[in-house]
Amino acid sequence: MTEALFQPIKLGAIDAPNRILMAPLTRGRSTQPGSVPNEMMATYYRQRAGAGLILSEATGITREGLGWPAAPGVWSEEQVEGWKGVTSAVHEAGGRIACQLWHMGRLVHPDFLDGEPPVSASATCAPGHAHTPTGRQDYQPARALGTDEVARVVADYARAAANAMEAGFDGVQLHGANGYLVDQFLRRSTNLRDDRYGGSTANRTRFLREVLTALIAEIGADRVGLRLSPNGETQGCDDISPADTFGAAAGVAEELGIAYLELRQPGVDGTFGQTGVPKQGTMIRDIFTGPLIFNSDYAGEDATRDVRLGRCDAISFGRPYISNPDLDQRLAQQAPLAPNKDVPASWYLPGPAGYIDYPTMAEEAA
């Protein structure tokens with residue numbers, strides 16, 4: 001039985017009718033050039049409005065921070081107008097949606113920056129390949145943000161939050177996970193600084209603290225959430241003591257009183273990311289007293305168990321929401337889930353195939 005998942009929950013200022021959240025999912029369907037949200041995206045999110053809260057796909061706060069083909073942004077007036085169509089569609093369908101704020105740091109290829117190097121906590125280079133408009137290319141070395149430049153990036157986050165609220169979002173989520181800029185400051189493998197942003201745990205969490213503080217000053221703590229990935233390497237970003245680092249990060253979130261904290265925690269048998277590093281959710285549960293959301297490779301039974309036992313307060317589902325726009329209803333009725341089409345190719349195709357063409361249970365029965 002799934003009753004635990006269908007209890008309402010208050011996520012700061014957001015009243016969610018259930019504890020089934022839609023996790024952020026990069027899909028690459030915005031209009032180019034300009035990274036502008038469009039009508040197809042509005043359809044996609046409206047179809048999934050039954051989630052207790054939709055956490056939008058990662059959304060660039062500036063051109064400097066966006067390095068994924070056809071991912072959307074929220075720094076320009078045109079982008080804000082495009083997002084208004086998305087948020088209106090979700091609200092008209094009875095849903096709630098938060099904008100995930102994204103700066104990719106060293107994972108932005110110079111092709112997105114007119115040949116200029118990306119910025120990061122330190123002058124490092126990510127392993128592997130970047131997705132660019134001209135195909136896969138090796139990542140290139142980043143330059144370290146100067147101490148006097150950090151305030152500019154913090155201000156970029158705050159401006160993006162203000163734009164998100166103007167666009168009609170119910171709140172924002174700071175993307176602090178998966179090896180992107182905030183994570184690059186948090187973890188020892190990518191933060192080699194010797195100024196006030198590097199070295200000690202307090203220093204490595206300083207950038208996170210300053211960004212969250214700026215977001216709170218702009219839109220209020222009850223509209224601000226945070227995503228972390230506290231166990232295991234991700235995109236070359238790692239830490240020798242995750243309990244120390246992410247315990248401190250959770251402490252910052254607790255001290256600032258943000259609306260909720262989401263943890264992406266893959267396991268040894270995860271289907272999208274695997275690690276033997278222990279999950280940190282239990283430790284973080286003892287530190288962060290606000291709503292705690294778990295993510296990664298959940299099925300209905302596992303999700304119900306963890307919420308019912310109080311290990312977390314809600315579950316965010318990612319890939320299941322791609323092919324199941326009515327995932328909440330399928331879980332409520334313990335109905336089979338639809339498989340993804342042409343995985344993973346359809347995740348990032350430019351058109352509607354594998355994006356807005358998945359039927360609901362009612363449509364399947366018609």
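The values are calculated or read from the model by the stated rules, or taken from the named source; none is laboratory data. Everything quoted here is computed from the prediction, not taken from an experiment. Please note: Cβ atoms are built from the backbone with ideal geometry, for glycine as well, and neighbour counts cover all protein chains shown.
Being in contact with an Asp or Glu (Cβ under 6 Å, 6 or more places away or on another chain) and at pLDDT below 95 is true for just one of G276, G351, G270. Which residue is that?
The unique qualifying residue is G270.
Looking at E77 and the list (1) over 17 Å from the mean Cα position of the chain (by Cα); (2) in contact (Cβ under 8 Å) with a residue 40 or more places away in the chain, which single condition is not satisfied?
(2)
Take the stretch 213-260 and flag every residue that is of a type outside the set (S, T, Y) and part of a strand (DSSP E or B).
Correct list: V224, G225, L226, R227, L228, C237.
Give, as residue ranges, the strands (runs of 3 or more DSSP E) completely inside the stretch 1-50 that count at least 2 residues that are in contact with a helix residue (DSSP H, G or I) (Cβ under 7 Å, 6 or more places away or on another chain). Break it down stepwise before answering.
On the way: elements: 9-11, 14-16, 20-22.
The qualifying strands (runs of 3 or more DSSP E) are 20-22.
Which residue, of V153, V172, V108, is crowded, with 16+ Cβ neighbours inside 10 Å, β-branched (V, I, T) and within 15 Å of G67 (Cα to Cα)?
Being crowded, with 16+ Cβ neighbours inside 10 Å, β-branched (V, I, T) and within 15 Å of G67 (Cα to Cα) holds for just one of V153, V172, V108, which is V108.
Going through V36, V74 one at a time, which residue ends up being touching an Asp or Glu at 6+ places or on another chain (Cβ under 6 Å) and over 21 Å from L5 (Cα atoms)?
Residue meeting the stated conditions: V36.
Between a first residue in the stretch 16-35 that is closer than 13 Å to I97 by Cβ and a second residue that is surrounded by fewer than 18 Cβ atoms within 10 Å (Cβ to Cβ), which pairs have beta carbons less than 7 Å apart while being 6 or more apart in sequence or on different chains?
A16/P8
Per-residue answers, yes or no, for (1) touching a Cys at 6+ places or on another chain (Cβ under 8 Å); (2) among the aliphatic types (A, V, I, L, M); (3) at pLDDT 95 or above:
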{"residue": "P118", "(1), (2), (3)": "no, no, yes"}
{"residue": "A121", "(1), (2), (3)": "no, yes, yes"}
{"residue": "H131", "(1), (2), (3)": "no, no, no"}
{"residue": "D138", "(1), (2), (3)": "no, no, yes"}
{"residue": "L145", "(1), (2), (3)": "no, yes, yes"}
{"residue": "D148", "(1), (2), (3)": "no, no, yes"}
{"residue": "A151", "(1), (2), (3)": "no, yes, yes"}
{"residue": "A155", "(1), (2), (3)": "no, yes, yes"}
{"residue": "N163", "(1), (2), (3)": "no, no, yes"}
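Just one of (1) modelled with pLDDT of 95 or more; (2) under 23 Å from the mean Cα position of the chain (by Cα) trips up R330, so point out which.
Just one mismatch for R330, condition (2).
I need the full set of residues from the stretch 125-162 which are charged (D, E, K, R) and touching a helix residue (DSSP H, G or I) at 6+ places or on another chain (Cβ under 7 Å), in order please.
Selection gives nothing.
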